[in-house]
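Have a look at the structure below before the remarks.
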Amino acid sequence: MATNSPSIAGALGLKVRKHDERRLELIEESIRLIAAGGIEDLTFDKLGKRFGMKRSLVAYYFKSRKELFLDAVRYVTATAQAMTEKRVAEARSPEDKLFAIIQAALDWYQEHPDQGAVFLLFYFNCSHDASQREIQTEIREQGAQRMAVLLGMLGAKRSKKRLYALAKTIQNLITGFLIDLRVTNPSMSFNEARSAILSSIQTLLREDDVKA
């Protein structure tokens, strides 16, 4: 299994035991299948063959392909959050913690490109699936609130409404960067893209300081 992280298992409501280890293995393989061929490649038959299992046994772990996909999204989210928590814990000042969150998102995407593909597919699904959009809204809301708190500690006086709007703008810049790197401009080097997004966010903060 690629990871035995308790935080990943915990995010999925699983314990580290044989039954749940196999479930995690299936989720991890589903992420690789989606990254390689899209949601069309994620079938119980194909997933079962990777492990020498019958389709019916895969169905024992997951009631539907949607359930499996949402578990993959939770796995991806837990991985990114674990990286963020680690980076934030290592940072000292509010500014360092803010940029630790941003850097963690970029590092996660660079280190786990298959997971990045799953998350972009999840974003597309949110455009036509209300239940997935609700999950996505909750994930982004938690991130925006945390970022808004750190922005409020940077010095310039801003209203809570302004802090939240600024946090959402930073989120959108990061998301746009990930989409651009994967879809629109895949030939761009990751280091170039990283420098561009960090520069854009620093400029945004400087300009907002002047307005404040």
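The values are calculated or read from the model by the stated rules, or taken from the named source; none is laboratory data. Just so it is clear, the structure is predicted and the values come from calculations on it, not from any experiment. Ideal geometry is used to build each Cβ from the backbone, glycine not excepted, and the neighbour counts take in all protein chains shown.
In table form, for the structure just shown:
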{"quantity": "Some residue of the range 190-208 being surrounded by 12 or more Cβ atoms within 10 Å (Cβ to Cβ), under 15 Å from the mean Cα position of the chain (by Cα), part of a helix (DSSP H, G or I) and among the small types (G, A, S)", "calculated": "no"}
{"quantity": "Filter result (surrounded by 14 or more Cβ atoms within 10 Å (Cβ to Cβ) and out of contact with any Lys or Arg (no Cβ under 9 Å at 6 or more places or on another chain)) within the range 120-140", "calculated": "L121, F122, Y123, R133, Q136, I139"}
{"quantity": "D114 over 20 Å from the mean Cα position of the chain (by Cα) and either under 30 Å from Q202 (Cα atoms) or of a type outside the set (S, T, N, Q) (or both)", "calculated": "no"}
{"quantity": "Test: residue in the range 176-192 that is closer than 19 Å to A82 by Cβ, at pLDDT below 90 and not assigned by TED's automatic domain parsing to the domain that holds I39", "calculated": "yes"}
{"quantity": "Tabulated pairs, the range 136-158, first farther than 10 Å from E95 by Cα, second of a type in the set (D, E) and outside any loop (DSSP other than H, G, I, E, B), C-beta under 7 angstrom, 6+ apart or interchain", "calculated": "A156/D209"}
{"quantity": "Out of A89, A117, A100, sole residue that is out of contact with any Asp or Glu (no Cβ under 8 Å at 6 or more places or on another chain) and crowded, with 16+ Cβ neighbours inside 10 Å", "calculated": "A117"}
{"quantity": "Which listed residue is at pLDDT below 95, under 29 Å from I174 (Cα atoms) and in the same structural domain as S131 (by TED's automatic domain parsing), from A91, A82", "calculated": "A82"}
{"quantity": "Set I101, I179, I139: member being more than 23 Å from A35 (Cα to Cα) and hydrophobic (A, V, I, L, M, F, W, C)", "calculated": "I101"}
{"quantity": "Residue check for H112: within 18 Å of R74 (Cβ to Cβ) and of a type outside the set (S, T, Y)", "calculated": "yes"}
{"quantity": "Residues (outside any helix (DSSP H, G or I) and of a type in the set (D, E, K, R)) located in the range 123-148", "calculated": "D129"}
{"quantity": "Only listed residue being touching a residue at least 60 places away in the same chain (Cβ under 8 Å) and either assigned by TED's automatic domain parsing to the domain that holds T137 or among the hydroxyl-bearing types (S, T, Y) (or both), chosen from L163, L198, L205", "calculated": "L198"}
